[in-house]
Protein chains: 2
Amino acid sequence: LVESDSSSAAQVVVNSPVGKASDTETIKSLVTGANVLTFEHEHVPGDFLRELISQGVSVQPHPDALLQAQDKIIMRERLTDMGLPCPAWRALDRDTATATTQLHEFIAQHGPDVVVKTSRGGYDGKGVRVVSSPEEVNDWFDGVEAGGPALLVEEKVPFSRELAVLVARRPAGDAVTWPVVESIQENGVCAQVIAPAPNLTQDEADRARETRSDSGETNIFINELAMRPHNSGHWTITGSVTSQFEQHLRAVLDLPLGDTAPLAPWTVMANILGSNRETLTDALPQVLAQYPNAKVNLYGKEPRPGRKLGHVNVSGSDLEQVLAAARGAAALVRDQD
Amino acid sequence: LVESDSSSAAQVVVNSPVGKASDTETIKSLVTGANVLTFEHEHVPGDFLRELISQGVSVQPHPDALLQAQDKIIMRERLTDMGLPCPAWRALDRDTATATTQLHEFIAQHGPDVVVKTSRGGYDGKGVRVVSSPEEVNDWFDGVEAGGPALLVEEKVPFSRELAVLVARRPAGDAVTWPVVESIQENGVCAQVIAPAPNLTQDEADRARETRSDSGETNIFINELAMRPHNSGHWTITGSVTSQFEQHLRAVLDLPLGDTAPLAPWTVMANILGSNRETLTDALPQVLAQYPNAKVNLYGKEPRPGRKLGHVNVSGSDLEQVLAAARGAAALVRDQD
């Protein structure tokens with residue numbers, strides 16, 4: 001199911017009908033005869049998925065799991081119930097007056113700066129705002145009153161860096177993780193991923209993989225979950241024995257999971273965020289000549305400022321060289337400073 | 001351009017019109033707006049390709065090069081002219097009586113066994129016959145008289161093994177080769193490929209890459225050429241920084257060629273030649289559980305005895321284990337002894 005005839009998936013997948021995730025008739029025809037229904041984003045109506053399950057369709061991940069990625073309040077409640085490490089947080093009431101009081105109290109306790117988030121619909125920094133007073137989210141309060149998604153507030157963690165752990169689990173139960181990676185954000189959007197995360201102790205890596213923060217000098221907090229192949233896992237396309245996309249198919253088809261070992265000491269993924277070029281492939285002669293090890297992935301999208309248009313993977317044994325090559329190749333495709 | 005709606009390429013390529021390589025109207029519509037026209041087999045009419053070139057279409061490889069892979073007599077003449085190492089050979093006259101005499105003479109000089117080949121149309125052992133008398137190719141003489149492809153005869157080389165050298169060259173001129181591999185044939189068909197070829201000296205590898213046989217203890221002869229991605233290069237899909245398919249696109253688009261370094265000490269490719277299974281994917285739960293490093297590529301073809309239905313790649317540092325895993329995984333998909 002694709003959003004339009006020209007969307008990235010439609011350009012490479014035979015028989016990709018156009019429709020919305022809420023277009024129940026199209027999805028019903030899509031799942032007829034299919035082994036499994038799965039997703040590349042979380043914005044899928046759970047009630048409809050449950051109806052399909054009742055009709056015998058294998059829906060992976062299950063909507064009960066998907067819900068943790070759809071709604072940040074439900075995710076935080078679940079993680080807190082499980083005793084997993086989260087920043088201090090609270091859901092805000094749907095009534096603006098009550099929410100304002102709650103937010104004042106939270107700022108008094110955890111401020112001066114706190115992070116307000118919409119519970120649903122955010123991505124790539126959207127739906128996330130650092131504030132020091134309730135007035136700064138007045139527009140969001142209006143949205144809630146108008147029936148929009150509820151809000152939550154979180155402690156602004158003085159974090160040193162963002163790590164990402166990619167996990168694959170099949171219905172039979174076994175799960176695997178790849179090496180812990182570092183995600184370098186620019187303006188709330190992932191700019192590069194370094195695999196494995198540099199200067200991470202074995203204990204820190206183990207705690208990140210096992211989502212424990214109960215020992216060690218470094219605190220690890222869970223920021224968010226996604227129930228799908230993720231930008232932070234694109235490095236695995238060329239950097240791991242099993243890519244996240246192959247693993248996704250193995251997992252949702254309940255097949256044995258593949259080896260997640262890295263293929264090189266270091267792999268760096270650099271996103272191509274916007275470009276001054278009209279035709280990105282014009283960059284290829286220069287990029288491929290200058291960076292013979294760069295694997296340039298272009299998504300076939302129209303360039304728009306800041307838009308994720310593709311990514312570059314580079315592997316090697318010298319992190320500085322690998323990082324410079326991935327950044328340099330992405331910069332050439334962007335044709336920006 | 002695909003042979004039918006159900007052909008392998010049609011299953012994975014958006015907008016793949018159905019037609020024959022001789023279907024000039026379909027090909028003309030295919031090349032309209034395309035950067036380049038290229039091929040996955042040699043059976044393409046050269047005159048038509050020259051017409052397209054005269055109309056400004058980039059045809060890669062050029063029909064003058066493609067001809068060496070289309071006609072074994074033309075190939076042998078060209079290689080002999082260039083002083084490159086070939087077995088003793090001669091073209092046979094189209095007249096049966098003359099050809100019979102020529103073949104008798106060749107057998108007297110190089111026999112008792114010699115190899116007769118059809119100059120065009122052969123593949124996977126088809127069009128190749130080991131004979132010790134002209135009578136054994138009487139049916140082929142009839143075919144020649146009826147206007148079929150001419151025949152050639154070659155010395156039966158007492159070869160110890162078959163090596164394959166994969167070369168990519170772009171119109172700008174630069175060319176790269178991958179490590180020399182060993183191709184293990186069963187019944188005239190490639191069963192496994194080992195990359196790199198075991199027990200090959202650096203001198204032998206250099207001579208194979210440079211097609212020299214003028215020194216050293218081992219003689220190296222050129223058996224045949226193909227002007228396209230080849231079965232002997234499927235190991236590069238997972239075993240090399242740049243796969244032969246990515247390199248093919250770089251080459252025909254005249255882009256800088258990619259790094260051909262191997263990703264592991266050993267990679268073995270095992271062909272899946274026929275299967276007792278009706279649905280090959282039924283093998284996946286067992287294959288993937290038993291061989292977590294196996295990369296199973298299925299071509300979406302109907303099983304037929306001996307048909308190439310797919311291949312398995314396995315990489316690692318222990319050749320015996322890698323070879324056993326690739327063979328074992330392919331055998332499980334075949335479900336045959």
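The values are calculated or read from the model by the stated rules, or taken from the named source; none is laboratory data. This structure is a prediction, so every number in the text was calculated from the model and none was measured. Cβ coordinates were reconstructed from backbone atoms using ideal geometry, including for glycine residues, and neighbour counts include every protein chain displayed. Side chains included, ligands, DNA and RNA excluded: accessible areas come from the protein's heavy atoms. Shrake-Rupley method; radii C 1.70, N 1.55, O 1.52, S 1.80 Å.
Things to note:
- Out of A:Arg334, A:Arg304, A:Arg327, sole residue that is charged (D, E, K, R) and buried (at least 21 other Cβ atoms within 10 Å of the Cβ): A:Arg334
- Residue in the stretch A:99-110 that is of a type in the set (Phe, Trp, Tyr) and at pLDDT below 95 present: no
- A:Gly316 meets all of the listed conditions (1) surrounded by fewer than 21 Cβ atoms within 10 Å (Cβ to Cβ); (2) touching a residue at least 60 places away in the same chain (Cβ under 8 Å) but one, namely (2).
- Checking every residue in the stretch A:284-294 against the condition of being more than 12 Å from chain B (Cβ to nearest Cβ) and under 22 Å from A:Val322 (Cα atoms) gives zero matches.
- Note on the stretch B:47-94: residues that are touching a Pro at 6+ places or on another chain (Cβ under 7 Å) and surrounded by fewer than 15 Cβ atoms within 10 Å (Cβ to Cβ) total 1.
Here is a yes/no grid of residues against (1) within 14 Å of another protein chain (Cβ to nearest Cβ); (2) touching a Ser or Thr at 6+ places or on another chain (Cβ under 6 Å):
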| site | (1), (2) |
| --- | --- |
| B:Arg170 | yes, no |
| B:Ile184 | no, no |
| B:Gly188 | no, no |
| B:Leu200 | no, no |
| B:Asp206 | no, no |
| B:Asn219 | no, yes |
| B:Arg250 | yes, no |
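- Whether a residue is surrounded by fewer than 17 Cβ atoms within 10 Å (Cβ to Cβ), out of contact with any Lys or Arg (no Cβ under 8 Å at 6 or more places or on another chain) and modelled with pLDDT of 95 or more was assessed, and B:Ser132 passes this test.
- Some residue of the stretch B:26-33 being within 14 Å of chain A (Cβ to nearest Cβ) and surrounded by 13 or more Cβ atoms within 10 Å (Cβ to Cβ): no
- Of all the numbered requirements in (1) touching a residue at least 40 places away in the same chain (Cβ under 8 Å); (2) out of contact with any helix residue (DSSP H, G or I) (no Cβ under 9 Å at 6 or more places or on another chain), B:Arg161 misses one, and that requirement is (1).
- Subset of the stretch A:253-294 (residues that are charged (D, E, K, R) and in a loop (DSSP other than H, G, I, E, B)): A:Asp254, A:Asp259, A:Arg277, A:Glu278
- The residue that is farthest from A:Ala294 (Cα to Cα), among those in the stretch A:267-280 that are crowded, with 21+ Cβ neighbours inside 10 Å and within 14 Å of another protein chain (Cβ to nearest Cβ), is A:Leu280.
- For the stretch A:227-247, a residue qualifies if it is away from every other protein chain (no Cβ under 14 Å) and either part of a helix (DSSP H, G or I) or open to solvent by 10 Å² or more (accessible area, probe 1.4 Å) (or both), and the qualifying residues are A:Met227, A:Arg228, A:Pro229, A:His230, A:Asn231, A:Ser232, A:Gly233, A:His234, A:Gln244.
- Looking across the stretch A:143-186 at every residue that is of a type in the set (Gly, Ala, Ser) and closer than 19 Å to A:Gln102 by Cα, the one that is surrounded by the most Cβ atoms within 10 Å (Cβ to Cβ) is identified as A:Ala150.
- Yes/no for B:Val59 being within 21 Å of B:Ala175 (Cβ to Cβ), more than 14 Å from every other protein chain (Cβ to nearest Cβ), of a type in the set (Val, Ile, Thr) and touching a strand residue (DSSP E or B) at 6+ places or on another chain (Cβ under 8 Å): yes
- Identity of the residue in the stretch A:296-330, within 20 Å of A:Val241 (Cβ to Cβ) and more than 21 Å from the chain's Cα centre (by Cα), that ends up nearest to the other protein chains (Cβ to nearest Cβ): A:Ser315
- Of the helices (runs of 4 or more DSSP H) lying entirely inside the stretch B:33-150, the ones with 2 or more residues being within 26 Å of the chain's Cα centre (by Cα) are found at B:46-54, B:63-70, B:72-81, B:138-145.
- Residues of the stretch B:5-25 satisfying the condition of being within 14 Å of chain A (Cβ to nearest Cβ) and open to solvent by 40 Å² or more (accessible area, probe 1.4 Å): B:Asp5, B:Ser6, B:Ser8, B:Ala9, B:Gln11, B:Val12, B:Val13, B:Val14, B:Asn15, B:Pro17, B:Val18
- Inter-residue pairs, beta-carbon under 8 Å, first under 20 Å from B:Asp254 (Cβ atoms) and in the stretch B:19-36, second surrounded by fewer than 16 Cβ atoms within 10 Å (Cβ to Cβ), 6+ apart: B:Leu30/B:Pro17
- Enumeration of residues in the stretch B:20-32 that are within 23 Å of the chain's Cα centre (by Cα) and not basic (Lys, Arg): B:Ala21, B:Ser22
This table checks each residue for (1) of a type outside the set (D, E, K, R); (2) open to solvent by less than 50 Å² (accessible area, probe 1.4 Å); (3) modelled with pLDDT of 95 or more; (4) in a loop (DSSP other than H, G, I, E, B).
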{"position": "A:Pro198", "(1), (2), (3), (4)": "yes, yes, yes, yes"}
{"position": "A:Ser213", "(1), (2), (3), (4)": "yes, yes, no, yes"}
{"position": "A:Ile222", "(1), (2), (3), (4)": "yes, yes, no, yes"}
{"position": "A:Leu225", "(1), (2), (3), (4)": "yes, no, no, yes"}
